[in-house]
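K.L.:
One structure, pasted below without further comment.
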Amino acid sequence: MERITGLIALLGFGPEGWGGLLLGAALMTLAVSVAALLVGALLGAAAAAAKLSGYRWLRGLGGAYTTVFRGLPELLVIYMVYFGGSALVTSVAEFFRIPGYAGLPVFAAGAIAVGVISGAYQAEVFRSAYLAIAPGELEAARSVGMPLLMRWRRIAVPQVLVFAMPGIGNVWQLTLKDSALISVTGLAEIMQTAQTGAGSTRQYLVFYMAGAALYLALTALSGGVLVRAERRLARRIPLAAGAHPGSSMGSKS
């Protein structure tokens, strides 16, 4: 009974409890994961457009991006972005005669690194979603003289969002898990905080179990939000007859 009470106090919000730090770490994990997903969405949309382009060199660039960053280990990408970005920032600072080491902020480095990885998977999600649009819809809009931007705004983009949502949900789960690797940069997210708590108290199993519980809670809550968003989009945006959003586009293999 005393041991259970001690563990509750250890993970609680009292003077000696780690509850506040773990909760703050969970919010940091959520923030960096959302930022990485947004960075990945921008990169993924650009890469998907490149792979769908009529220009061979653009298709080659898009294919190279998705092949490289789907094939490299995530930890290696994080190290490359963090240390390479810090070296670049320091060089720029030296150019403007600013003394000292000017490192890349760990939050920005983590969001960019995981975002680059996420974007490689989102590119395939967006490309598959675009190819799922009934060709007749875009052809009909073109035949009546609808401008390109209006075709994208009224037909292509809304349907791409519907078709892409299941795949984006898969990529989000991967992004959330990959955020644990950012702990190597020192960012106080769940994994880093759990390691610090475990090392300080020697209660390794307790803190790693607490970290696992936080990751599962974030996964369950965010998964529910994405499912509701997918259903709401499907109700508001009509699809062509016989078209159904897939559930495995962009899955990590």
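K.L.:
Return yes when residue 97 is in contact with a helix residue (DSSP H, G or I) (Cβ under 8 Å, 6 or more places away or on another chain) and at pLDDT below 90 and no when it is not.
P.N.:
no
K.L.:
What are the residues in region 214-253 that are over 20 Å from the mean Cα position of the chain (by Cα) and either modelled with pLDDT of 85 or more or assigned to a helix (DSSP H, G or I) (or both), if any?
P.N.:
Passing the criteria: 231, 232, 233, 234, 235, 236.
K.L.:
Have a look at 199, 169, 145, 186 and point out the one that is closer than 14 Å to residue 41 by Cα and not polar (S, T, N, Q).
P.N.:
Of the residues listed, the single one that is closer than 14 Å to residue 41 by Cα and not polar (S, T, N, Q) is 169.
K.L.:
From the list 200, 183, exactly one residue is surrounded by 17 or more Cβ atoms within 10 Å (Cβ to Cβ), among the small types (Gly, Ala, Ser), modelled with pLDDT of 85 or more and under 30 Å from residue 108 (Cβ atoms). Which is it?
P.N.:
Being surrounded by 17 or more Cβ atoms within 10 Å (Cβ to Cβ), among the small types (Gly, Ala, Ser), modelled with pLDDT of 85 or more and under 30 Å from residue 108 (Cβ atoms) holds for just one of 200, 183, which is 183.
K.L.:
At least 1 residues that are of a type in the set (Val, Ile, Thr), exposed (fewer than 14 other Cβ atoms within 10 Å of the Cβ) and under 23 Å from the mean Cα position of the chain (by Cα) in each: list the helices (runs of 4 or more DSSP H) lying fully within region 1-109 that qualify.
P.N.:
Of the helices (runs of 4 or more DSSP H) lying wholly inside region 1-109, those with at least 1 residues that are of a type in the set (Val, Ile, Thr), exposed (fewer than 14 other Cβ atoms within 10 Å of the Cβ) and under 23 Å from the mean Cα position of the chain (by Cα) span 56-71.
K.L.:
Residues 137, 189: which one is surrounded by 15 or more Cβ atoms within 10 Å (Cβ to Cβ), at pLDDT 90 or above and of a type in the set (D, E, K, R)?
P.N.:
Of the residues listed, the single one that is surrounded by 15 or more Cβ atoms within 10 Å (Cβ to Cβ), at pLDDT 90 or above and of a type in the set (D, E, K, R) is 189.
K.L.:
Please return the ranges of helices (runs of 4 or more DSSP H) entirely within region 129-210 where 2 or more residues are more than 30 Å from residue 86 (Cβ to Cβ), touching a Phe, Trp or Tyr at 6+ places or on another chain (Cβ under 9 Å) and not basic (Lys, Arg).
P.N.:
Output list reads 157-178.
K.L.:
Within region 60-77, identify whether any single residue is modelled with pLDDT of 85 or more, hydrophobic (A, V, I, L, M, F, W, C) and farther than 29 Å from residue 190 by Cβ, and answer yes or no.
P.N.:
yes
The values are calculated or read from the model by the stated rules, or taken from the named source; none is laboratory data. Note that the structure is a prediction, hence the values are computed from the model and not measured. Note that we place each Cβ from the backbone using ideal geometry, even for glycine, and neighbour counts take in every protein chain shown.
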